[in-house]
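To start, the structure itself, in structure tokens.
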There are 2 protein chains.
Amino acid sequence: MSYRAPVAEILFTLRHVAGLGGVDPEDAQAILTEAGRLAADVLAPLNRVGDRHGTPFAAGRVTTPPGWRDAYATFTAGGWNGLSADPDYGGQGLPKALDAACAEMWNGANLAFGLCPLLTQGGIEALATHGSEELKARYLDKLVSGEWPATMNLTESQAGSDLALLRTRAEPVGDGTYRITGAKIYITYGEHDLSENIVHLVLARLKNAPAGTRGISLFLVPKILQDGSANDLRCSGIEHKLGINASPTCSMAFGDDGGATGWLIGQENKGLACMFTMMNAARLMVGVQGVGVAEAATQKASAYAAERRQGKAIGAAEATSPIIAHPDVQRMLLTMKAYTAAARGICYLTAAALDAAHGPEGRAAHDRASLLTPVAKAFSTDLANEVTSLGVQVHGGMGFVEETGAAQFMRDARILGIYEGTNGIQAIDLTGRKLPLNGGATVRAQIAWMRRAAEGLLKSPEPAFGHMAARLRGGVESLDRATSHQLAALASNRPEAALAGAAPYLRLFGLTLGGACLARTALAAAAARKAGETDPAHAGRIALARFYAENLLPASGGLEEAVLAGGSFTEEAALALAV
Amino acid sequence: MSYRAPVAEILFTLRHVAGLGGVDPEDAQAILTEAGRLAADVLAPLNRVGDRHGTPFAAGRVTTPPGWRDAYATFTAGGWNGLSADPDYGGQGLPKALDAACAEMWNGANLAFGLCPLLTQGGIEALATHGSEELKARYLDKLVSGEWPATMNLTESQAGSDLALLRTRAEPVGDGTYRITGAKIYITYGEHDLSENIVHLVLARLKNAPAGTRGISLFLVPKILQDGSANDLRCSGIEHKLGINASPTCSMAFGDDGGATGWLIGQENKGLACMFTMMNAARLMVGVQGVGVAEAATQKASAYAAERRQGKAIGAAEATSPIIAHPDVQRMLLTMKAYTAAARGICYLTAAALDAAHGPEGRAAHDRASLLTPVAKAFSTDLANEVTSLGVQVHGGMGFVEETGAAQFMRDARILGIYEGTNGIQAIDLTGRKLPLNGGATVRAQIAWMRRAAEGLLKSPEPAFGHMAARLRGGVESLDRATSHQLAALASNRPEAALAGAAPYLRLFGLTLGGACLARTALAAAAARKAGETDPAHAGRIALARFYAENLLPASGGLEEAVLAGGSFTEEAALALAV
């Protein structure tokens, strides 16, 4: 089966978890429906084509798979690229929460395709926030329309997670431009034939700049200069990867002939702040990619399980049952569906916080978005790995055969926990930078929000909720204690204990927050039923939230214990690893 | 880096967890060292070659990758194929535990290669146990030497997990032979150029046989008949797979020209019992494959983490540290190493139970092996997926690039949870068939064995054990309660509740049993230290067991809750999945 845009669930989650950011529900539904059509009809059919065809590289040129150019043209012509961008530059000015919902569908249909606008969006954010008026006037409308996609040129072979080690150099020419020289690797969509021009955003170091990350500057380096001539840069090769084969991962050489021409974005040596603007937008959207591919894998596995007949389910009339009738297969499918729904809630919630940061809530919402971004990125993409692997499992032997397509989801998803800051980096960011925000008040407020969801369940007399309230309450209290532990460890003379617990802490945070999101959908579904709505989806939403609470949320206790173990392993890790 | 045979850890685990089955430790060390040399020097260098080259198929013939034929010849010439087989047929008559240890190394070095002898071993078991003397005289020594490898022809497109749906037909000719006609899929090493002959073991159905699995018979169907002529069978194609690309996965057509000639193994319509003999041996060895590939992935990730420098670890003197110094990376590597060690202990323990079944313990050991086999298979291979995925993660962006080799481990490992009975089938087997053995006495005895390990820790005054005793005790009690729940659910009028909890129950069983295995290695290491041994590996073994207990075992509580939730989801699963 091919991808079906889950518009009803997306809209329900937006309305009852994240909020629609002032958009009229009917308008939102119309936008989502249209986006879903594009995703299902235009992008999804290219997903397998792209995986098989890849992006041949020859003589510095990259050819995208058949159909890719037309699809990109259709995508940009519809105005989808700049959905949440500033109307002054041709954007639609819609909330980021709605944009994230649409991005889920692009990526569910075709992850390798969705990556191109994702990176452009990061470029838009960086340029809009930090760029000069002149630079914005020259490039922003092209990025917003998507006519010229953007790239992020950060990584070098010696500088991955550690950008302090960057070596690419920039020299001022004197006319306001800079000469950029250096080699970058892992540049997604660094070269391709989707557009006439590509706008590279490049981190580089000025001569005499301070060492480390305080000496990094961000430059805009277009493939084609204003006079139509080619800039001094080229793609020197592409990687042979595990997945996202239709998304070219390029090595880039800048300045073979003396230096590529670049323009400074923001101030000299302040490139890290610009990069974080670009990166934070991208990090959330990578989480959204995780939701998209998890949804696609879940749909495919569910459809297969409804068709494939093996064994007789207990109580079944016929000799063989569709495997979806077997409890063990149901557990796999429900796990896939519940994790996907939880990650969706978290990502939309994070997007909504970004929207709210521009409203009366201001700073508090901005900080909330900062807190939630690493969770949205890492939790959603860890789950994407698990869900897509379960998708292979549900297909049995067929799942291992590439023709089926289940394995592609797993291969494609595997990059999500690595790029835009590995999930380990996200965990360290959450514990080390985000928990201390406002003396811990930001995280405490978020935990209070989760606790209110648990209390909402407790107060509701709905028997279908089962043990949902108790399990969510247990998760929230685990998270609360683990948070205190992490904050205390950070303030102690053994901060490495906090870092050692950072990964299980992030998982605990995501697991509990996801439970709170599902609790809100369950409460909303119960209220709708009480109000007389007969849509059977409401009972399904309650059952899904209950499954999550009773079968997945109980992991919270073990995660808390792992956090509280306080990295007792760090001192003897080398010994243990040497065995 | 390439594979390094972990001979010291393997021997330590054999000695202190599983037992050496009467083999002198020095002899065992000599055998393991020699096997490790073959694995590292001959098999490991072919692993990437095999992945890239695959097994081209043309005109019914399959060509193995360059070097494969020589390696197979070296392997069989060394007598490794029949290590645990009957000396009367040319085997070495060594314990299965030692055989499993060697198999771990073949598979760690080269999973696609290791699969060929694994299947032959299943054939040896089936023929030795159920075959007529005539058939054994004709084929068993060839299988034991490996001169003629064996295959298992079970699956058909409509019959995967459900063998009752088999359609391949067998007709008696009257001269003691049968004519076999039908189509099989997913036949590993169904055709290749490693040997002159291939011995296919084929499940088929006699005319007028009872419906379902009681009407299945097992046949020996050689590729080449005794007179040197080709049998009426052919490979009709191979699959394009996610991994194990050097292992040809064949579609087989039997009887295009009137029927392939086959000989009955065991009795008519009793093929299922023969198949289970073959399958059980293979299931354990698939678990061992999981241990092997997890070990290989762990070695590779550890070596990379020791080389790659990014970021400054807390308290480090230099500006950049090897990433192995970062607590978060340590957690990943220790998780990989601890899971691998736990799975190793479980697999060897299972093999030792099979050995003990032939000794004075007899039936009780046989039943113990029956109980442990699904755990060894499913837990080890689920962990292989997790460990190999972590291996990709440790490599960062490089992990996603195929050239690195980390992704191959992950791709190769993905089949292990699917073939020889999916891990869902293993979970159902454990709960539905194995827990009730001897009225629950078999499982209770195994839990008592785990409890004794926890008590051993409690009694030891070793401060380096940390919270190991308490955590293991917690796991054992969780498993005990979950076992009672499963047994009660099976006996109730809602047996589907037991099946619904089968997967988390198996995970809980493996997690706790693995903890008990590691506790035994830690106790042995502490005793050796106390006795004056200065090998730093002892401290490492204790630290690893402690890491497992404090960071991974705490998941037991959540798993117990999931089991005890009793499949409350089964009634509304369809509703939830329809959303």
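Quick notes
- Hits in segment A:99-153 (condition: among the β-branched types (Val, Ile, Thr) and either open to solvent by less than 10 Å² (accessible area, probe 1.4 Å) or touching an Asp or Glu at 6+ places or on another chain (Cβ under 8 Å) (or both)): A:120, A:144, A:151
- Unmet criterion (only one of (1) out of contact with any Asp or Glu (no Cβ under 7 Å at 6 or more places or on another chain); (2) closer than 30 Å to residue B:494 by Cα; (3) open to solvent by 10 Å² or more (accessible area, probe 1.4 Å)) for residue B:378: (3)
- Annotation: of all residues in segment A:210-240 being aliphatic (A, V, I, L, M) and within 11 Å of another protein chain (Cβ to nearest Cβ), the one that is surrounded by the most Cβ atoms within 10 Å (Cβ to Cβ) is A:238.
- Residue check: residue A:558 meets all listed conditions (1) surrounded by 22 or more Cβ atoms within 10 Å (Cβ to Cβ); (2) facing chain B (nearest Cβ under 7 Å); (3) part of a helix (DSSP H, G or I); (4) touching a residue at least 12 places away in the same chain (Cβ under 8 Å) but one, namely (4).
- Restricting attention to segment B:270-300 and to residues that are β-branched (Val, Ile, Thr) and out of contact with any Cys (no Cβ under 6 Å at 6 or more places or on another chain), the residue that is farthest from residue B:323 (Cα to Cα) turns out to be B:277.
- Qualifying residue in segment B:329-343 (condition: in contact with a helix residue (DSSP H, G or I) (Cβ under 7 Å, 6 or more places away or on another chain), of a type outside the set (A, V, I, L, M, F, W, C), open to solvent by less than 10 Å² (accessible area, probe 1.4 Å) and within 14 Å of chain A (Cβ to nearest Cβ)): yes
- Segment A:194-209, subset under 18 Å from residue A:225 (Cα atoms) and surrounded by fewer than 19 Cβ atoms within 10 Å (Cβ to Cβ), residue nearest to the other protein chains (Cβ to nearest Cβ): A:197
- Long-range neighbours under 9 Å by Cβ, at least six apart or interchain, first residue more than 14 Å from every other protein chain (Cβ to nearest Cβ) within segment A:171-193, second in a loop (DSSP other than H, G, I, E, B) and basic (Lys, Arg): A:171/A:207; A:172/A:207; A:182/A:167; A:183/A:167; A:191/A:223
- Qualifying residue in segment B:290-301 (condition: β-branched (Val, Ile, Thr), buried (at least 21 other Cβ atoms within 10 Å of the Cβ) and farther than 16 Å from residue B:118 by Cβ): yes
- Here residue A:502 fulfils each of the conditions (1) buried (at least 24 other Cβ atoms within 10 Å of the Cβ); (2) assigned by TED's automatic domain parsing to the domain that holds residue A:434; (3) out of contact with any Ser or Thr (no Cβ under 7 Å at 6 or more places or on another chain) apart from (3).
- Residue within segment B:475-496 that is closer than 21 Å to residue B:335 by Cα and either buried (at least 17 other Cβ atoms within 10 Å of the Cβ) or not β-branched (Val, Ile, Thr) (or both) present: yes
- The residues in segment A:304-318 that are open to solvent by 30 Å² or more (accessible area, probe 1.4 Å) and either over 22 Å from residue B:494 (Cβ atoms) or facing chain B (nearest Cβ under 8 Å) (or both) can be counted, and the count is 7.
- Lone qualifier among A:140, A:127, A:154, A:163 - being modelled with pLDDT of 95 or more, outside the structural domain of residue A:85 (by TED's automatic domain parsing) and of a type in the set (A, V, I, L, M): A:154
- Within segment A:434-465, no residue satisfies the criterion of being within 14 Å of chain B (Cβ to nearest Cβ) and farther than 30 Å from residue A:527 by Cβ.
- For segment B:241-269, a residue qualifies if it is of a type in the set (A, V, I, L, M), buried (at least 22 other Cβ atoms within 10 Å of the Cβ) and within 23 Å of residue B:149 (Cβ to Cβ), and the qualifying residues are B:244, B:246, B:252, B:260, B:264, B:265.
- Residue check, residue A:547 aromatic (Phe, Trp, Tyr), within 11 Å of another protein chain (Cβ to nearest Cβ) and in contact (Cβ under 8 Å) with a residue 60 or more places away in the chain: yes
Here is a yes/no grid of residues against (1) within 26 Å of residue A:208 (Cβ to Cβ); (2) within 20 Å of the chain's Cα centre (by Cα); (3) within 14 Å of chain B (Cβ to nearest Cβ):
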{"residue": "A:89", "(1), (2), (3)": "no, no, no"}
{"residue": "A:98", "(1), (2), (3)": "no, yes, no"}
{"residue": "A:113", "(1), (2), (3)": "no, yes, no"}
{"residue": "A:116", "(1), (2), (3)": "no, yes, no"}
{"residue": "A:120", "(1), (2), (3)": "no, yes, no"}
{"residue": "A:135", "(1), (2), (3)": "yes, no, no"}
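- In segment A:144-159, the residues that are in a loop (DSSP other than H, G, I, E, B), in contact (Cβ under 8 Å) with a residue 40 or more places away in the chain and within 14 Å of another protein chain (Cβ to nearest Cβ): A:154
- The number of residues in segment B:523-544 being within 11 Å of chain A (Cβ to nearest Cβ) and more than 16 Å from residue B:383 (Cβ to Cβ) comes to 10.
- Screening segment A:562-576 for residues that are within 8 Å of chain B (Cβ to nearest Cβ) and crowded, with 22+ Cβ neighbours inside 10 Å and picking the one that is farthest from the chain's Cα centre (by Cα) gives A:576.
- Qualifying positions in segment A:160-176 - in a strand (DSSP E or B) and buried (at least 20 other Cβ atoms within 10 Å of the Cβ): A:170
The values are calculated or read from the model by the stated rules, or taken from the named source; none is laboratory data. Please read all numbers here as calculations on a predicted model, not as lab measurements. Quick reminder, even Gly has a Cβ in these numbers, built from the backbone with ideal geometry, and neighbours come from all protein chains shown. When the accessible area is computed, the model is the full protein with side chains, heavy atoms only, and any ligands, DNA or RNA have been set aside. Shrake-Rupley method; radii C 1.70, N 1.55, O 1.52, S 1.80 Å.
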